[in-house]
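Have a look at the structure below before the remarks.
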Amino acid sequence: MLIPAAAVGIGTFVPLLYLALRALEAEPATVARLVWRPRTWQLLLNTLSLTGGVLLLTSAMAVPLAWLLVRSDLRGRRLATILAVVPLAIPGYVVAYALISLGGNQGFLTNLLGSPVARPTGFLGAVAALSLYTFPYLFLNVRAALLGLDPALEESARSLGYGNRQVFRHVILPQLRPAMLAGALVIALYVLGDFGVVALMRYEAFSYAIYLQYASAFDRTYAAWLSLILLAITLAIVASEGRLLGRRRYARVGSGTQRAVVTTRLGRWAPIAYAYVSLVIGVAVGLPALVLGYWLILAPPGSGAWSSVAEAFARTASVAAPAAVLTAAAAMSVAYLGTRFAGAASRVIERLAYLGYAIPPVSLALALVFFSLRSVPWLYQTRTLLVGAYVVSFLALAIGPIRSALLQVPARLEEAARSLGRRPFAAFFQVTFPVIRRPVVAGTALVLLVAMKELPLTYLLAPTGFTTLAVRVFSRTSEGMLAEAAPFALAIVLFSSAFVGLLISYEGRR
């Protein structure tokens, strides 16, 4: 168990070390000139503004939507909940593709209105695209918190003279704080590491500037320093989440059991609530579907286009599938060490595993480029390096459910098996693994879903000529070939939607 876990820890730490060494190779005067130049401060302002704008818009979308679908008497709440999760199946760069397709000479709105419509680009376009993709992360967290909130707290506040608005402001919102911080952390990490949306929208954030500097500059010292700055911002946000949460208590302390959730009758506000839910879900789900259908009808793909889609799908699966299996195996090792052999070494390995997820993909890709060119040049631009990058980046996604399942399996079961003559390895796979099999499969499926949609790592680390579905969508959209990008975007959406549907149906059966 220690070998794969240690390999992942080393795979996370060593590239970052090479990135720091590459950045420190420059003279101090050069470093000062690069770091303190006005462009760096502008990139910092743009990146923080983008993150703040996305957090504001996703909060405005997710919090009211979660309350309406949990606490109100709206009809069709289960269907609306499922549709509110579907945007997770539509990658951010596909949403950006849909927004860009609205304008231009042959854009959807241009043909519909009969007059030219400008394409949404820059800050507003990036905020809109990222918000439409990431708001389900906040929605799911807030929804879970509302389902677990005891209505007795609200009834006590009303008995003391509080109105509905005061109850929501002083009772409900403070109880939602942990869920909102958790969702905001995930969204902020995604926005900081996003490459596809900001590149397509031509908005100069850190990730896009790092790629431009890496691709066009002979000296990549500035790219290394931009990556370190972006990594520092990411770690600061992760550290601040715990401080913002504080040491407040959120569990009930009284006797008795938790009351059932009481729905609120909307009355005359029902039409506005239906309109709001329809608007959020319609824009997040309906807009990409409408635009994809428009381009497929306007320029129907031929047999050659569909064969290219099948080829790109096979290439994507050829790296995503082994990455998912290896990630699940490594996650099982890390989680087993953390639960059965708790100590300094296991804690360090576990922290490094979560650090891999927190590292912006562009920074991780650049670190792996420096590492492979300096130490293992034969590994540069190979599928092996790409799969390794997937494992390092997505390991934390699989650790959570596996670790939770292991904590529920008593260690004495394996001890009993060993006392009956089973060796430790056999005892684990015959006694413990059957119990944690479902979380392992769920973690593998989640990593496979994310890897099939991944863009930054693939774009920077894939072998020359190795184009996945994500790379095909990005490259054609960035070149203005919107009709040619539609079949590849459709393949990503259909595959991801099928996976999300399976996960939702699995939750229903449970």
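Remarks
- Centre-to-centre, using Cα atoms only, the stretch 18-82 and the stretch 192-217 are separated by 14 Å.
- Between Ser159 and Leu212, the modelled labels are 6.1 nm apart [label points 7 Å from Cα along Cα→Cβ].
- FRET efficiency estimate (nearest 0.05) - Cβ-Cβ, Ile297 to Val186, R0 30 angstrom: 0.25
- Applying 0.36 nm per residue to the separation of Ala236 and Gln42 and subtracting their alpha-carbon distance, the gain on full extension is 67.9 nm.
- Answer label for Kirkwood radius over Cα pairs in Å (calculated), chosen among (i) 23.2; (ii) 24.0; (iii) 24.7: (iii)
- For the stretch 419-428, the Karplus equation 6.51 cos²θ - 1.76 cosθ + 1.60, evaluated at θ = phi - 60°, returns couplings of 5, 9, x, 7, 6, x, 5, 5, 4, 5 Hz by residue, with Gly and Pro reported as x.
- Long-range amide H partners of Ser72 with built H, under 5 Å: Thr264
- A simple charge model with +1 on the Cβ of Lys and Arg, -1 on the Cβ of Asp and Glu and nothing else charged puts the dipole of the stretch 1-147 at about 300 debye relative to its Cα centre.
- Residues in the stretch 95-101 carry Karplus couplings, in order, of 4, 4, 4, 5, 5, 5, 6 Hz; the curve used is 6.51 cos²θ - 1.76 cosθ + 1.60 with θ = phi - 60°, and Gly or Pro positions show x.
- Qualifying trypsin sites (Lys or Arg not before Pro) in the stretch 40-103, DSSP loop, other Cβ atoms within 10 Å at most 11: Arg75
- For the chain, adding -39500 (n - 2.57) for each run of n ≥ 4 DSSP H residues and dividing by the number of residues yields -24500 deg cm²/dmol at 222 nm.
- Rounded, prolate or oblate (a/c below 1.5 giving rounded, otherwise prolate when a/b exceeds b/c) for the stretch 1-52 by Cα gyration tensor: oblate
- The string of couplings for the stretch 46-57 from the Karplus curve (6.51, -1.76, 1.60, θ = phi - 60°) is 5, 5, 5, 5, 5, 4, x, x, 5, 5, 5, 5 Hz, one whole number per residue in order, with x for Gly and Pro.
- Shape call, the stretch 45-139: gyration tensor on alpha carbons, a/c limit 1.5: oblate
- Computed about its Cα centre, the charge dipole of the stretch 108-232 is approximately 200 debye, with only Lys, Arg, Asp and Glu carrying charge at their Cβ.
- Our estimate of slack between Asn105 and Ala321, defined as 0.36 nm per intervening residue step minus the Cα-Cα distance, is 73.8 nm.
Every number in this text was worked out from the coordinates using simple rules, so none of it is lab data. As the structure is a prediction and not an experimental result, all values here were calculated from the model. Because the Cβ atoms are built from the backbone with ideal geometry, glycine has one as well, and the counts that use them run over all protein chains shown.
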